[in-house]
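Everything on this sheet refers to the single structure shown next.
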Amino acid sequence: MPDIIIAPNGVSIRELAGRSGSDSADNNTGERSWLIRGTTDPILARTTLVAFAVETSLYSYDGLGLKSMSWSPYPEGGEAAWTFVASYDFTPEPGEFTISVDTSGATVNVQQAFAQVRFDAPGETGPDYGESINVDADGNPRGVEKIIPSLKINVRARIAERFVVNALAYAKTIASYTGKVNGSSYLGFDEGELLFKGASGDVVTENNPVLSFAFEASPNATGLTIGNISGISKEGWDFIWFDWAQKNDAAAGLKTTTARSAYVATIYEKTDFAGLQIGVA
């Protein structure tokens, strides 16, 4: 770039020496800085720098994309000089995306075991609770917290600017999908398995914005057997609950509770996530 750019408004732009960067197995970053003179208004200084983004290659550096920009008064320039620092990291091209995952798991209260063995004290006979877990004095299962598989997915995608002609309209589209599950196969997951939890990032029109999309996956299941109930099917984000029947255990002289019916409730609406425009150039 030229040593100095003089804008029509009298503001000058000079890139300071000493571009920096770092490489690692999972991240590449870079940093550049500019000296902006000729205005006491940092917003005008920023606007001028952005106006000359092509001449300065503001939005890219060594194959990396602009992540953030900060500014502060230039120590030796008085009130009309500013230092702008731009940070860069790897960003996909329009229509491309990267995926990071978290499989740390989730917990759920389960009230029915796959199997359960009773051991009686000498001379005692405990109630037959079947597979019901941690039953209270009234015969109701309190259950236990169980770790279950959980796949949290963060998709970092560069959205082609042709889909973001109106930033607020696109933001409303994203918001309308939040808290819904996929109505068709998406990102390799079958219908009903992927819950969209929201997105974050700066939606800038005419700049192919990079956004982070949060999903969580839960597998569909068929042929489940819980207690004495078999043949249960549910989609990943359906909720399963039970109706309990109480009876007297004559041998123990106590009440017992067994699952009489299982109910699979659909609690999330389905939608077509195609409107997110992930992976579309």
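A few points about this structure:
- The set of residues in the stretch 184-208 being over 18 Å from the mean Cα position of the chain (by Cα) and among the aliphatic types (A, V, I, L, M) consists of V204 alone.
- Matching option when the condition is out of contact with any Ser or Thr (no Cβ under 7 Å at 6 or more places or on another chain) and modelled with pLDDT of 80 or more, among S87, S132, S60: S60
- Qualifying residue in the stretch 70-84 (condition: surrounded by fewer than 17 Cβ atoms within 10 Å (Cβ to Cβ), closer than 20 Å to V210 by Cα and free of Cβ contacts under 8 Å to residues at least 40 places away in the same chain): yes
- Residue check, T107 more than 30 Å from the chain's Cα centre (by Cα) and β-branched (V, I, T): no
- Single condition V165 does not satisfy, out of (1) over 18 Å from L276 (Cβ atoms); (2) modelled with pLDDT under 90: (1)
- Cβ pairs under 6 Å, 6+ apart, first in the stretch 125-154 and within 28 Å of A217 (Cα to Cα) and without any contact (Cβ under 8 Å) to a residue 40 or more places away in the chain, second charged (D, E, K, R) and not in a strand (DSSP E or B): R142/D136
- Among the numbered conditions (1) touching a residue at least 24 places away in the same chain (Cβ under 8 Å); (2) in the same structural domain as I240 (by TED's automatic domain parsing); (3) not aromatic (F, W, Y), the only one that G30 does not meet is (2).
- Filter pass, A262 being farther than 26 Å from Y59 by Cα and among the aliphatic types (A, V, I, L, M): yes
- Meeting the requirement of 2 or more residues that are in the same structural domain as T103 (by TED's automatic domain parsing), over 21 Å from G105 (Cα atoms) and free of Cβ contacts under 8 Å to residues at least 12 places away in the same chain, the strands (runs of 3 or more DSSP E) wholly within the stretch 196-281 are 221-226, 229-234, 239-249.
- Residue within the stretch 107-121 that is outside the structural domain of G253 (by TED's automatic domain parsing), farther than 17 Å from R14 by Cβ, in contact with a Ser or Thr (Cβ under 7 Å, 6 or more places away or on another chain) and modelled with pLDDT under 85 present: no
- Members of the stretch 1-35 found to be in a strand (DSSP E or B) and either out of contact with any Gly (no Cβ under 8 Å at 6 or more places or on another chain) or modelled with pLDDT under 80 (or both), listed by number: I5, I6, I13, R14, E15, S20, G21, S22, D23, N28, R32, W34
The values are calculated or read from the model by the stated rules, or taken from the named source; none is laboratory data. Just so you know, these numbers come straight off a predicted model, no measurement behind them. Neighbour counts are summed over all protein chains in view; Cβ atoms, including those assigned to glycine, are modelled from backbone coordinates with ideal geometry.
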